[in-house]
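Only one structure is covered here, and it is reproduced in the block below.
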Amino acid sequence: MTSLPESPCTKKLGLVIDLDICVGCHACAVNCKEWNASGHSAPMTDWNPYSGTEKRAGEDAGAWGIWFNRVHTFEVGEGADSRTVHFPRSCLHCETPACVTVCPTGASYKREEDGIVLVNSETCIGCKLCSWACPYGAREYDHSDGVMKKCTLCIDRIYNENLDEADRVPACVSTCPAGARHFGDLGDPSSEVSTLVKDRSGYDLMPELDYKPTNKYLPPRPKRDGNGEDGQPPLLATLAHEGQSNNDPTTEGVTGAMLRWVDIMLSR
Amino acid sequence: MNPAFSVIFFTSSSGAGYGLLVFAGLLTAMGAFPEGSHVIVCAVGLAMILITVGLLSSTAHLGRPERAWRALSQWRSSWLSHEGVLAIVTFLPTGLFFLGQFSLEQPLLRWLGWGPITAIMALLTVYSTGQIYASLKTIRQWCTIHVVPGYILIGLLGGGLVMSFIGSIFALPTDEVYWAIVLLAIVTGILKWDYWRNIDSGTASTTTNTATGLGTQNDRIRLLDAPTTSQNFVMREMGFRIARRHARKLRQISITTLFLIPTLGALCAPLIDSQISMIAITTMSLVSGSVGTVVERWLFFAEAKHVVTLYYGSEAA
Ligand code: SF4
Ligand code: SF4
Ligand code: SF4
């Protein structure tokens, strides 16, 4: 069925992404590719992987391939007030996604039981209309298979009984070294993810389009001012001061000589 | 949006085919031609060829053409599916209408209703083609009230031009067709002009602010690092954008070839006695109109900007 589930899904599995914490390391994107290259929608084909080898002229725009999760980096604001925000972007498993309703074959569907949006690669005809209907660029087309592919919310991990309970989370969530990604049921107001969204004012991307994304983003926390006199944040200034009195370079012995040397080198 | 040649060709060719069916259906119902007239036989036959070739070419756009039949399955929810189903169902009255021109003895085939039914089905099919684009909220230049009437009117205009060409070949020109062309060209020209004015001046409600949720309305948000150093599928498919000055030139070309020349042709043709000159004029109008339709369709894609480009460095969609 390419129509949306008749009653809105009560269980809404999804991700909460903390833009305050994300360090832009791309580990989530890489592990997403790693897991899914042999997962539900495998393979995640790459073309021209070594670049410069494509035969037809104009085709070589470098190596390219399918990724379900991509990390963008934005700069917000101007000058001293600007800040860099790393912004991972994957399927948001929307509640009213046009990517599903435009599909002529029923290959794109939203699961009633948990709200996950999937593509059936056995019935997809590769018309690409769903990728036009998705505002978030979550769908990527596989030229080799002739079908559309997208984030599966790691459906083959989160329900996988062969994995330890602790590992039944999406690959991107389990790999994030900074803990910026959270997985859970956003339909349950008492779940950890829902609480996080409430406490941190989690928000929707492009709310005006009314796709009602399940995934939420947590905004970067406000920038802290209040630096010390010498421009250092207060804590660092104290540490620097303490450091100076404890490790006075005039101290005798080998350590003293080394510290003196370090002091000279650093003062150049 | 990346202009896919197969889709441009499909909508242009099938659009004209359906327009031609509307003309054939209505002219027969109005009694402009006797039953079994060569003009109608040719028109309906040619329309079926234009439609079939167009539909076949549209399957070239698919990753899995052998599964194309599956596109009929979601007839309840998807405009693309509506289009497919209507296109196939329309072959039924069209076929009966066509056969009716030969078997004048057969009461079922002789029924005068087949022409108008064919015309209505043809209009519905083009209507759903337009709706495929007009229903996409992700593309401001498509999600306008101009798009569906644009598809229908340009289809009708193309059909009229083919009809006038066939009429001149058989030396059976009809004033109704010429007047219809003039009217259609003027109305469609105004519609397209308003469309272009609209997309040029309109502001998008979706911005980098709403796309990322970052900053306040006045904050500039710049893409510092794209997620890939090359061009991925989304950038190739949705990122295509034509330079403004090329767009302006191509708009002029399409206005001239699609609206001005056919209008002049349709105004001049009835004043001419010699059949050869008449054929020359209708041929010129037809060729010009076809070029104009393809240019218009190409622009329709090239000028369309998808909101996803906001994530890839464009500042407005
Ligand atoms: S993010 Fe895109 S692909 Fe995912 S559900 Fe929403 S519209 Fe569909
Ligand atoms: S590409 Fe596949 S999943 Fe997407 S709309 Fe077409 S048939 Fe459906
Ligand atoms: S949930 Fe799984 S498929 Fe989706 S972005 Fe994360 S790792 Fe990739």
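The values are calculated or read from the model by the stated rules, or taken from the named source; none is laboratory data. On a predicted model such as this, the values are computed, not experimentally measured, just so you know. All Cβ positions, glycine included, derive from the backbone under ideal geometry; neighbour counts span all protein chains shown.
List of remarks:
- Counting only residues that are facing chain B (nearest Cβ under 7 Å) and part of a loop (DSSP other than H, G, I, E, B), region A:68-87 holds 2 of them.
- Hits in region A:132-180 (condition: part of a loop (DSSP other than H, G, I, E, B), in contact (Cβ under 8 Å) with a residue 24 or more places away in the chain and either hydroxyl-bearing (Ser, Thr, Tyr) or more than 16 Å from ligand 2 (Cβ to nearest atom) (or both)): A:136, A:144, A:152, A:153, A:154, A:170, A:176, A:177, A:178, A:179, A:180
- Subset of region B:167-223 that is charged (D, E, K, R) and in contact with a strand residue (DSSP E or B) (Cβ under 9 Å, 6 or more places away or on another chain) - its residue that is farthest from residue B:43 (Cα to Cα): B:219
- Tally of residues being aliphatic (A, V, I, L, M), crowded, with 17+ Cβ neighbours inside 10 Å and part of a loop (DSSP other than H, G, I, E, B) across region A:13-29: 1
- Qualifying residue in region A:138-158 (condition: among the aliphatic types (A, V, I, L, M), more than 9 Å from chain B (Cβ to nearest Cβ) and more than 11 Å from ligand 1 (Cβ to nearest atom)): yes
- Qualifying residue in region B:131-142 (condition: in contact (Cβ under 8 Å) with a residue 12 or more places away in the chain and farther than 26 Å from residue A:136 by Cβ): no
- Cβ pairs under 6 Å, 6+ apart, first in region B:163-182 and modelled with pLDDT under 95, second in a loop (DSSP other than H, G, I, E, B) and of a type in the set (A, V, I, L, M): B:174/B:32
- Only a single criterion out of (1) within 14 Å of chain A (Cβ to nearest Cβ); (2) β-branched (Val, Ile, Thr); (3) closer than 30 Å to residue B:277 by Cα is not satisfied by residue B:221, namely (3).
- Applying the criterion of being free of Cβ contacts under 8 Å to residues at least 24 places away in the same chain and away from ligand 2 (no atom under 13 Å from the Cβ) to the residues of region B:73-94, the residue that is nearest to the other protein chains (Cβ to nearest Cβ) is B:76.
- As for region A:30-41, it holds no residue that is surrounded by fewer than 20 Cβ atoms within 10 Å (Cβ to Cβ), more than 16 Å from ligand 1 (Cβ to nearest atom), within 24 Å of residue A:98 (Cα to Cα) and modelled with pLDDT under 95.
- Tally, over region B:302-315, of residues that are within 14 Å of chain A (Cβ to nearest Cβ), surrounded by fewer than 22 Cβ atoms within 10 Å (Cβ to Cβ) and within 18 Å of residue B:201 (Cα to Cα): 2
- Breaking point among (1) away from ligand 1 (no atom under 15 Å from the Cβ); (2) over 29 Å from residue B:85 (Cβ atoms), for residue A:90: (1)
Rundown of residues vs (1) in contact with a His (Cβ under 7 Å, 6 or more places away or on another chain); (2) under 30 Å from residue A:211 (Cβ atoms), yes/no style:
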{"site": "B:164", "(1), (2)": "no, no"}
{"site": "B:171", "(1), (2)": "no, no"}
{"site": "B:174", "(1), (2)": "no, no"}
{"site": "B:185", "(1), (2)": "no, no"}
{"site": "B:194", "(1), (2)": "yes, yes"}
{"site": "B:199", "(1), (2)": "no, yes"}
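- Evaluating residue A:105 against the criteria (1) within 9 Å of chain B (Cβ to nearest Cβ); (2) β-branched (Val, Ile, Thr); (3) within 13 Å of ligand 1 (Cβ to nearest atom) leaves one unmet condition, (3).
Residues are listed down the side, and each one gets a yes or a no for (1) in the same structural domain as residue A:30 (by TED's automatic domain parsing); (2) within 12 Å of ligand 3 (Cβ to nearest atom); (3) under 19 Å from residue A:34 (Cα atoms):
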{"site": "A:69", "(1), (2), (3)": "yes, yes, yes"}
{"site": "A:92", "(1), (2), (3)": "yes, yes, no"}
{"site": "A:128", "(1), (2), (3)": "yes, no, no"}
{"site": "A:132", "(1), (2), (3)": "yes, no, no"}
{"site": "A:140", "(1), (2), (3)": "yes, yes, yes"}
{"site": "A:146", "(1), (2), (3)": "yes, no, no"}
{"site": "A:152", "(1), (2), (3)": "yes, yes, yes"}
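- Breaking point among (1) under 30 Å from residue B:315 (Cα atoms); (2) within 11 Å of another protein chain (Cβ to nearest Cβ); (3) modelled with pLDDT of 95 or more, for residue A:123: (1)
- Tally of residues being at pLDDT 95 or above and surrounded by fewer than 20 Cβ atoms within 10 Å (Cβ to Cβ) across region A:64-83: 2
- Residue match in region B:60-72 (condition: touching a residue at least 60 places away in the same chain (Cβ under 8 Å), outside any helix (DSSP H, G or I) and buried (at least 16 other Cβ atoms within 10 Å of the Cβ)): no
- Leading residue by the ranking (farthest from ligand 2 (Cβ to nearest atom)) among those in region A:98-111 that are touching a Leu at 6+ places or on another chain (Cβ under 8 Å) and assigned to a loop (DSSP other than H, G, I, E, B): A:111
- Scanning region A:212-222 for any residue that is within 14 Å of chain B (Cβ to nearest Cβ), modelled with pLDDT under 95, under 30 Å from residue B:204 (Cα atoms) and away from ligand 1 (no atom under 11 Å from the Cβ) turns up at least one such residue.
- Scanning region A:114-131 for residues that are within 16 Å of ligand 1 (Cβ to nearest atom), over 21 Å from the mean Cα position of the chain (by Cα) and assigned to a loop (DSSP other than H, G, I, E, B) yields A:120, A:121, A:124, A:126, A:127, A:128.
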